[in-house]
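Computed from the coordinates by the stated procedures, all read-outs in this text should not be read as laboratory data. The structure displayed is predicted, hence computed values, not measured ones. Neighbour counts run over all protein chains shown; Cβ positions are idealised from the backbone, glycine included.
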Amino acid sequence: MEETLLRDHNEFFAYKDFFELLEKYKQRSVAWRAHFEPRDLVQDDYAPTYTYEQLVPLTRDCQEDELVRKQLLDVLQNRRSDTFGEGRSKWKLSDLSKLLAFAAGTRPTDVFVPEASDPIHFRTYPSGGAMYSVLLFLITKGIEGLPDGLYRYGAEANALYRFGDPVSQVEIEQLFPVTQFRLSAQADSLTESPVFIFFVSNYRYLFQKYGFASYPLSLLEAGHICQNIQLMSTALGKSSRPVAGLFADRIEKLLGIRNRKYLHCVYSVILW
């Protein structure tokens, strides 16, 4: 048992394998057109990939809100990864609605691309080839005006699609090493958070266009969205913390995507 664990540990931290993967993902000048040139492909299939129980329309209206008076420099300077349990506040559906719409929603202008059958609805964050391959799945608890449960955010419709029942605190504990193994004194505060957002990369179209470069591109996209979420959280007076230490297999099972080969959980952020 110990020998197996040690071997698995050494393989996970093997520099040789790591550098080989880096070379595979890295675009090089030699034979770039033969191996790295992206294909003419756009992502124009935005329909939800599963059935859902409830559609919750969101709004981005904040004209009379304190949010419009926030200064960008103040928000940038005050953005931080908060300590779990500090600065806990009450969440409303209107708070989550604004956060998602401005951090991960569509921009008001459309762009027509010859390869696409419909206009491209650009979003508020960068994405390789405007493929928008990163999907947002949520666990919500105790948000005023929103039933607890599992959701997926649909940027095109600016809506939440509810597809699962409420998730218990015990189930949430099993999704992160920090809570399962009690690696932090704030572990209990983490599981009590009202919003968990999981970034799930859909490689179905991205890989067809970019090949092995699709993996780093998806990580970059998830990072762009997460930064937007943290900035919006700061502007709303909420707290947030990105969490890369997660059990992707358990999260994918909970979300019902474990056996869908194109979908992989790569990142998360927790809000309170």
Please state the charge dipole magnitude for segment 145-225, taken about the Cα centre, from unit charges on C-beta atoms (+1 on K and R, -1 on D and E), reported in debye and rounded to the nearest 20.
400 debye
Contour minus end-to-end for D110 and R60, with contour as 0.36 nm per residue of separation and end-to-end as the Cα-Cα distance?
16.3 nm
Charge context of A104, other residues only, Cβ under 15 angstrom, K/R +1, D/E -1
+2
Considering the zone a paramagnetic label at H35 would reach in this model (a point 7 Å from Cα along the Cα-to-Cβ line), which residues of segment 212-253 have amide N under 19 Å from it?
212-217
Using the Cα centre as the reference, give the magnitude of the dipole from point charges on the C-beta atoms of segment 62-271 (Lys, Arg: +1; Asp, Glu: -1; all else neutral), rounded to the nearest 20 debye.
320 debye
Taking a crude spin-label model, label points 7 Å out from Cα along the C-beta direction, the K16 to E53 distance in nm is 5.1 nm
Filtered GluC sites (Glu not before Pro), segment 145-225: DSSP coil and at most 16 other beta carbons within 10 Å
E156, E192
Take the Cα coordinates of segment 142-247, assign each an equal point scatterer, and use the Debye formula without solvent to give log10 I(q)/I(0) at q = 0.12, 0.21 Å⁻¹.
-0.53, -1.38
Using only DSSP helix segments of four residues or longer, with each worth -39500 (n - 2.57), what per-residue ellipticity at 222 nm results for the chain after dividing by its residue count and rounding to 500?
-10000 deg cm²/dmol
If the chain between Q208 and S184 were fully extended at 0.36 nm per residue, the gain over the current Cα-Cα distance would be 4.5 nm
Highest GNM mean-square fluctuation, the chain, Cα pairs closer than 10 Å: which of I120, I229, I197?
I120
Using a Förster distance of 25 Å, the FRET efficiency for Q71-K92 (Cβ separation, nearest 0.05):
0.60
